[in-house]
Every structure is written in structure tokens, then in C-alpha cells.
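To start, the structure itself, in C-alpha cells.
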Amino acid sequence: MVSFQTEQLRTVLAVLEEGTFEAAALRLHVSASAISQRIKAMEQTAGQVLLKRTTPINATPAGAVVHKLARQLRQLEADAAAELGLDGGRDSMAIVVNADSLATWFLEALALVPELGRMSLEILREDEQHSVALLRSGEVMAAVTATAAPVQGCSVMSLGSMEYRAVAARKFFDDWFPNGCSPESLAVAPAMQFDRTDTLQNNFFETMAGTPLSGPAHFIPDTIQFSEAVKRGLGWGLLPEAHCLDGLRDGSLLELVPGHISHIPLYWQRWKIQSAALDLLTETVRAAAAGALRQN
């Protein structure tokens, strides 16, 4: 069985978070030579290279496994210190959330966390189709994701589905779809895309036309500004119901296919460790999702 010393795991964390041996040495109050020796000893124990000596330093696939172990150890130490009432008991957690959840319901989950001031949260934003990669690498300990299959070492919980409607501003609709929205007219009308990993508009178009979307597109990687761009008539796009229902009611927005709703199932994946802080966050996320997402 591979066994690493606590100081070695702390060294890996420092190197990957600081980016260089020298910066890690300053953080840990040791020499850069001592940092190098610890990493070399760990690589000899593991029988493989753990860190790429780049600028900044990055983990190899094997190093990512050790990095995850080191982060889990730090969380368990923080939990223990908090329960014992010791200094250093502040929980530091990194989680990844898709942009639309972050802009609609996820902050409500954080607002439900008692004594949030005791935690130090780092929220990373990533598309729900790609967020599990950060779980696999050990960069985060929990994720809102569209992936139902649990990542190794993680548990998974269904949160419900976000609901989207394909909409356009009234003038845009009149200009591009004077005879109603059809696959032919939709293929040439400018579409809004969040970024190049965004699949919502393409999936909607394929449902209508049976072919991939290949027309003109505008890319705006911000949920609020994306919605604003649709409302200003820059293109058509799928918006969360929270961002389009008011416009549909007052007539400033029109549905491309009235009554059609796209459902995106979301899941909460988290490390399978006994962590009071992570358990608390999981429960508040579940509660917030229950009130904000469609429950199947």
C-alpha cells in the first residue's frame, strides 16, 4: 500500500496552489531544496512522476490522484479542528457549478448554510456537461453536473431539472420568422451561444431539424449578459425560465415553439468522505434545488 506522510501531502498542495517550488517553500517556511526532496521522495514511493516541472507546475494524472488525497486530508483536518473548537477550524471548500445554476438558484443554497462565515468557499464555473473533470482531478470536492454516473470516489444525488425555453425578442422574431419559426428559417437566423461547449441551442435545433446547427452565432460567456443579448434582439437562444417568463408574459419575448420546454437534469456529486461541512452544504443544496428545479 502506498503511504505518504502528512507533510508530504501538504507540500503537494502548496506546490500546486502556489505554482513553483520556491513559492511553496516560502509558504511552508522551508527551503526550495526541501520541497524538491519531498516531491522526489513521494515520486519514488508512488513509482511514477507526480508533478510536471512546468511554469506553473501542474499535476500528472498520478499527481492528480495524490492532489485529491491531499485536499481530502485538509478538509478532514479542518472538520476535526472545528469540532474541537481549535484555531484553524475554518472549512475551505472548492466546488464547481454551472453558470445558469449560479445565476438562478444556487446562491439560495449558500444563503441557507448556517454560519457561512466559518467557511471559505471557492466556486468555479464550468458547463454542467464538463464539470466532472474537475472532480476527477481533485480540484473540487463537489459539483453541480449533468452527469448521472458517479465519478470514482464520489456519491451522486439527483437535484431535479432546469427548464429552458427557446425565445427571441419580438422584433427579432418578426424580422427572421415572419411566417413562423421553421427549421429552414431557424438555420439562418443568428443564434446566441454561451461558449463553444454550449450544446443547448444545437440540441434544440436538432430536435426540430434533425441536423446539427451550423448557422451564424454570437458567443457571450455570461448568463446575465446572454439573456440580455437575447432580449435586445442579437439572436435567439434558450433561456432559463427564471430569465424569460416575465418577457413572455409582457410580450417582449416570443417562444420559437410555444409550449416546448427543454429539461436539463442536474446532479450533485461529492467526495465520499465523512465531512460535517460537506454534509451541511449537500443538505442545503438539496433543499434549494427542491424549491427551484423541476422534480421528476
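The values are calculated or read from the model by the stated rules, or taken from the named source; none is laboratory data. Since we're looking at a predicted model, the values are computed, not measured. When we count neighbours, we look across all protein chains shown, and the Cβ atoms used for this are built from the backbone with ideal geometry, even at glycine. Just so you know, the surface numbers come from the protein's heavy atoms only, side chains and all, with ligands and any DNA or RNA stripped out. Shrake-Rupley method; radii C 1.70, N 1.55, O 1.52, S 1.80 Å.
With the requirement that a residue be among the aliphatic types (A, V, I, L, M) and open to solvent by 10 Å² or more (accessible area, probe 1.4 Å), what does region 273-287 give you?
Within region 273-287, Ile273, Ala276, Leu280, Ala287 meet the criteria.
Can you report the number of residues in region 223-247 which are part of a loop (DSSP other than H, G, I, E, B) and open to solvent by 60 Å² or more (accessible area, probe 1.4 Å)?
Going through region 223-247 one residue at a time, the tally reaches 2.
Among Ala148, Ala169, which is the only one that is open to solvent by less than 60 Å² (accessible area, probe 1.4 Å) and either out of contact with any Leu (no Cβ under 8 Å at 6 or more places or on another chain) or among the polar types (S, T, N, Q) (or both)?
None of the others qualify; the one that does is Ala148.
Taking Leu76 as the residue in question, decide whether it is in a helix (DSSP H, G or I), surrounded by fewer than 20 Cβ atoms within 10 Å (Cβ to Cβ) and at pLDDT 85 or above. Write out each step before concluding.
Working: in a helix (DSSP H, G or I): yes; surrounded by fewer than 20 Cβ atoms within 10 Å (Cβ to Cβ): yes; at pLDDT 85 or above: no.
The answer is no for Leu76.
Quick check on my filter: what residues within region 139-160 are closer than 23 Å to Ala70 by Cα and not hydroxyl-bearing (Ser, Thr, Tyr)?
Glu139, Val140, Met141, Ala142, Ala143, Val144, Pro150, Val151, Gln152, Gly153, Cys154, Val156
Kindly provide the set of residues from region 130-177 that are of a type outside the set (Gly, Ala, Ser), out of contact with any strand residue (DSSP E or B) (no Cβ under 8 Å at 6 or more places or on another chain) and closer than 17 Å to Trp268 by Cα, ordered by number.
Correct list: His130, Arg136, Gln152.
Looking only at residues that are part of a helix (DSSP H, G or I) and in contact with a Gly (Cβ under 9 Å, 6 or more places away or on another chain) in region 177-191, which one is nearest to Gly251 (Cα to Cα)?
Leu186
Of all residues in region 180-205, which are under 30 Å from Arg125 (Cβ atoms), touching a Phe, Trp or Tyr at 6+ places or on another chain (Cβ under 9 Å) and of a type outside the set (A, V, I, L, M, F, W, C)?
Pro190, Gln193, Asp195, Arg196, Asp198, Gln201
What are the pairs, 6+ residues apart or on separate chains, where a residue within region 256-267 that is polar (S, T, N, Q) has its Cβ under 7 Å from a residue that is assigned to a strand (DSSP E or B)?
Taking only residues 6 or more apart or on different chains, the pairs are Ser262/Tyr164; Ser262/Leu238.
Among the residues that make up region 124-133, is at least one of them open to solvent by less than 20 Å² (accessible area, probe 1.4 Å), touching a residue at least 60 places away in the same chain (Cβ under 8 Å) and not acidic (Asp, Glu)?
Looking through region 124-133, at least one residue is open to solvent by less than 20 Å² (accessible area, probe 1.4 Å), touching a residue at least 60 places away in the same chain (Cβ under 8 Å) and not acidic (Asp, Glu).
Being outside any strand (DSSP E or B) and crowded, with 17+ Cβ neighbours inside 10 Å is the filter here, so list the residues in region 248-272 that pass it.
The initial filter retains those residues of region 248-272 that are outside any strand (DSSP E or B), namely 248-252, 256-261, 272.
If the condition is that a residue be outside any strand (DSSP E or B) and crowded, with 17+ Cβ neighbours inside 10 Å, then Leu256 is the only one that fits.
Tell me which of these Met208 doesn't satisfy, since it passes every other one: (1) loosely packed, with under 15 Cβ neighbours inside 10 Å; (2) modelled with pLDDT under 95; (3) over 29 Å from Ile123 (Cα atoms).
(1)
Given the conditions (1) at pLDDT 90 or above; (2) over 25 Å from Phe106 (Cβ atoms); (3) not aromatic (Phe, Trp, Tyr), and given that Leu159 satisfies all but one, which numbered condition is not satisfied?
Condition (2) is where Leu159 drops out.
How many of the residues making up region 59-73 are open to solvent by 60 Å² or more (accessible area, probe 1.4 Å) and under 20 Å from the mean Cα position of the chain (by Cα)?
Total meeting the criteria: 1.
Just checking, does region 28-35 include any residue being at pLDDT 90 or above, open to solvent by 70 Å² or more (accessible area, probe 1.4 Å) and at positive phi?
yes
In this structure, does Ala14 turn out to be within 27 Å of Gln274 (Cβ to Cβ), outside any loop (DSSP other than H, G, I, E, B) and without any contact (Cβ under 8 Å) to a residue 24 or more places away in the chain?
So Ala14 fits the description; yes.
Within region 36-53, restricting attention to residues that are farther than 24 Å from Val132 by Cβ and assigned to a loop (DSSP other than H, G, I, E, B), which residue is most open to solvent (accessible area, probe 1.4 Å)?
Among residues in region 36-53 that are farther than 24 Å from Val132 by Cβ and assigned to a loop (DSSP other than H, G, I, E, B), the one most open to solvent (accessible area, probe 1.4 Å) is Arg53.
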